[in-house]
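The values are calculated or read from the model by the stated rules, or taken from the named source; none is laboratory data. The structure presented is a predicted model; accordingly, all values stated were derived computationally and were not measured. No Cβ is skipped: glycine too gets one built from the backbone with ideal geometry, and neighbour counts run over all protein chains shown.
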Amino acid sequence: MRPPLVVGNWKMHGGLAEARALAQSVRDGLKRPRGVEVVVCPPFTALAAVAEVLGGSVVGLGAQNCHWEPHGAFTGEISPTMLAELGCRLVLLGHSERRHIFRETDDEINKKVAAVLRHGLQPLLCVGETAEERRQGLTFTVVEGQLRAGWAGLSLEDMGRCLLAYEPVWAIGTGVNATPAQAAEVHGYLRGLASELGSKDLAQTVRILYGGSVKADNAAEVTQEPDVDGVLVGGASLQAPSFIAIAKKSAAKGGAPKRRLLLCDPESTSCAIGRTAVPPGAIESNRLGISAVSHSTTGARSGYLPALPLRQQRSRYVSRGRAGVRVDSRGRRG
Ligand code: PEP
């Protein structure tokens, strides 16, 4: 099970009065959220005040960054122990603004991830490509490098305690969000990589959020993708009504589990889900339902097929390379 998670990143906005008021409104608007977990990440200066407001509520507290040392001569820095003391449960790490404006390196981010885990907090590791990198076809290369580096040296157990967010840099604060298919493709790729770096079980359980211009009117669309386990929200988390609406729209709906389109090509010899090689036509099931599979490749590593809701599976047919054939969830040709 991967319960949807919605995280609000307040960035460097709001003094104490605004932070308290926003936290109160979010708390009151989400008294008993069903099927979704919610966390807000105020600026450091408001953490204690917001912790007080949220005390006893279901809305969790997170921080936007931290240093990797527990204490010491690091002027201007905040340690994971300090954040734990304030009641934080997660810490955003590797946010694109930290990477690009403050030039944080993969190595520093990796030290922060390890430190946060050591102090019993959950890292929410953000990865994402710039517009130029996407134009050059480097999206998978970039996010793969960031995830490999961010998780370097972690035990399987620690990887399992991490949260991930795919945040394309070109979508952050621009009003241009990734399409559900673009998000699904990268999330699937990251899940495949999690399988390679950790285990198949890790790939099925790690929560991967999407972030980048999520608003109340596009949250439902992106979170219905099977591999999107919630959203990381910047601008729209600063207004309680929009953040509450996003949380509600991201909640898991009861009923049928989300499923992925199942495709295979009986002639292909090299197939994959993300980076995980599977035999042609193989079926992989995950905890959300049936997932799958393979399509033709001509030697190159196969891409990931975006998930489609069950409803659309009957009407859409997707293939790349040689013609694929539709199969049902038991692998029968349809
Ligand atoms: C973010 O800062 O993580 C973010 C996704 O911002 P926005 O929602 O404003 O694009």
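Report yes if some residue within the stretch 74-90 is under 24 Å from ARG148 (Cα atoms), within 16 Å of the ligand (Cβ to nearest atom) and crowded, with 18+ Cβ neighbours inside 10 Å; otherwise report no. Yes, the conditions are met somewhere in the stretch 74-90. Set side by side, the residues ALA19, ALA63 differ, and just one is closer than 16 Å to LEU121 by Cβ, of a type outside the set (D, E, K, R) and modelled with pLDDT of 95 or more, which is ALA63. Residues in the stretch 100-121 that are surrounded by fewer than 20 Cβ atoms within 10 Å (Cβ to Cβ) and either within 16 Å of the ligand (Cβ to nearest atom) or of a type in the set (S, T, N, Q) (or both): HIS100, ILE101, PHE102, GLU104, THR105. Comparison of ARG27, ARG2 shows that the only residue that is surrounded by 18 or more Cβ atoms within 10 Å (Cβ to Cβ), in a helix (DSSP H, G or I) and either at positive phi or out of contact with any Cys (no Cβ under 6 Å at 6 or more places or on another chain) (or both) is ARG27. A single member of GLU104, GLU18, GLU108 is part of a helix (DSSP H, G or I) and within 27 Å of ILE208 (Cβ to Cβ), and it is GLU108. Taking the stretch 152-235 as the region of interest, the helices (runs of 4 or more DSSP H) fully inside it that hold 1 or more residues being within 16 Å of the ligand (Cβ to nearest atom) and out of contact with any strand residue (DSSP E or B) (no Cβ under 9 Å at 6 or more places or on another chain) are 180-197, 219-223.
Restricting attention to the stretch 130-149, the residues that are surrounded by 15 or more Cβ atoms within 10 Å (Cβ to Cβ) and more than 13 Å from GLY94 (Cβ to Cβ) add up to 7.
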